[in-house]
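Heads up: the structure comes next, in structure tokens.
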Amino acid sequence: MIRHPRTNATAIDPAILDQMRVIQPASLGHYLTSGIVSPQVRPLTGGKLLGRAVTVRQSLPDAIPVHLVLDDLQPDDVLVIDRAGDRHIACVGEMVARAALTAGAAGIVVDGVVTDIEELRELGLPIYARGLNVVTTRVLDVPGAELFGPVLIGNVIVRTGDLLFGDANGLLCLDPANPDLSALVQRAVADEAREVEWRKRLAQGESLAKLNGSDKYRSGP
């Protein structure tokens, strides 16, 4: 097992995080061309997810790597597991989710499958995965896993310390060192504030094309 150093994550202004807690990921997604996790990694439980990635690459059906990383979780971390193409053996179930929740984790993201869906829903921890199955990993102590290194989740490279932001519609991976992050969030906040007024005007029969400027592209008389 390879254990990469877990370096200090890039600091994010708490005010930015506070603003993200009240907006939708889609409001940022309007402006992004990268970091958009494949919708095949979909929300199975819980509500909005916002936290820092802590990564595991686990290509074999060995439970040990995930169990070890659980002891490293800190409040607001997101346990992120790359199953390296395995879509059959579940690496997360009730006990893993309970341990993560007790550690203060903000959620779990698995590019693979999970199990114990009824129990996971009762816990309420946001969990994203490709699906469900009844076969699980077990304690094997075999080589091949990596802890805290870059992983591939839904066709997006995720690094320990990256910011994950998701809800029922999908999941984003954001670079906390991106100098444009604050401006992007501010733009999303402004968009959602404008949409409050748009809802009223649409209810009164106004044209969406006129509200958003699409009507200027209208051709013909």
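The values are calculated or read from the model by the stated rules, or taken from the named source; none is laboratory data. Just so you know, these numbers come straight off a predicted model, no measurement behind them. Every residue, glycine among them, receives a Cβ derived from its backbone with ideal geometry; neighbour counts consider all protein chains shown. Each accessible area value is taken on the protein alone, full model and side chains, heavy atoms only, with ligands, DNA and RNA left out. Shrake-Rupley method; radii C 1.70, N 1.55, O 1.52, S 1.80 Å.
Can you tell me the relative contact order of the chain? Whole percent, Cα pairs under 8 Å, sequence separation 6 or more. Before the final figure, lay out the partial values.
Working: 460 pairs, mean separation 66.4, N = 221.
The value is 30 percent.
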### Summary
Expressed in angstrom, Rg and Dmax over the Cα atoms of region 129-197 are 17.8, 58
#### Entry: Largest-first ordering by accessible area, 1.4 Å probe, given options Thr55, Thr7, Thr160
Thr7, Thr160, Thr55
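Provide the per residue accessible area, probe 1.4 Å, for region 1-47, rounded to a whole number of square angstrom. Could you put the intermediate results ahead of the total?
On the way: 2990 Å² over 47 residues.
On a per-residue basis, 64 Å².
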### Query
Along the positive direction of the dipole of region 1-100 (beta-carbon charges: Lys, Arg +1; Asp, Glu -1; about the Cα centre), which of Leu28, Pro65, Leu79 reaches farthest?
Leu28
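Given the chain, what whole percent of its Cα pairs are spread farther than 25 Å? List each step's numbers first, then the result.
Values: 10291 of 24310 pairs.
Percentage above 25 Å: 42.
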### Query
Taking only Cα atoms, what is the 0 to 90° angle, nearest 10, from helix 181-203's long axis to the longest principal axis of the chain?
50 degrees
### Query
Along the charge dipole of the chain, Cβ charges K/R +1 and D/E -1, which of Ala203, Thr45, Pro126 sits furthest on the positive end?
Ala203
#### Entry: Fraction in percent of alpha-carbon pairs per bin - 10 Å, region 174-221
22, 33, 26, 17, 3
### Task
Mind checking region 16-107 for trypsin sites (Lys or Arg not before Pro) that DSSP puts in a loop (not H, G, I, E or B) and that have at most 15 other Cβ atoms within 10 Å?
Arg21, Arg87
### Message
Strictly greater than 17 Å: what percent of every Cα pair in region 1-123 meets that?
### Response
61 percent
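Leaving ligands, DNA and RNA out of it, report the carbon-plus-sulfur percent of the accessible area of the chain at a 1.4 Å probe.
On the way: 5880 of 11470 Å².
Within the chain, the accessible surface is 51 percent carbon and sulfur.
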### Task
Report the GluC sites (Glu not before Pro) located in region 112-221 that are in a DSSP loop and have at most 13 other Cβ atoms inside 10 Å of their Cβ, or state none.
Glu206
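Find the Rg to Rh ratio for region 48-113, where Rh is the Kirkwood radius over alpha-carbon pairs and Rg uses the same atoms.
0.93
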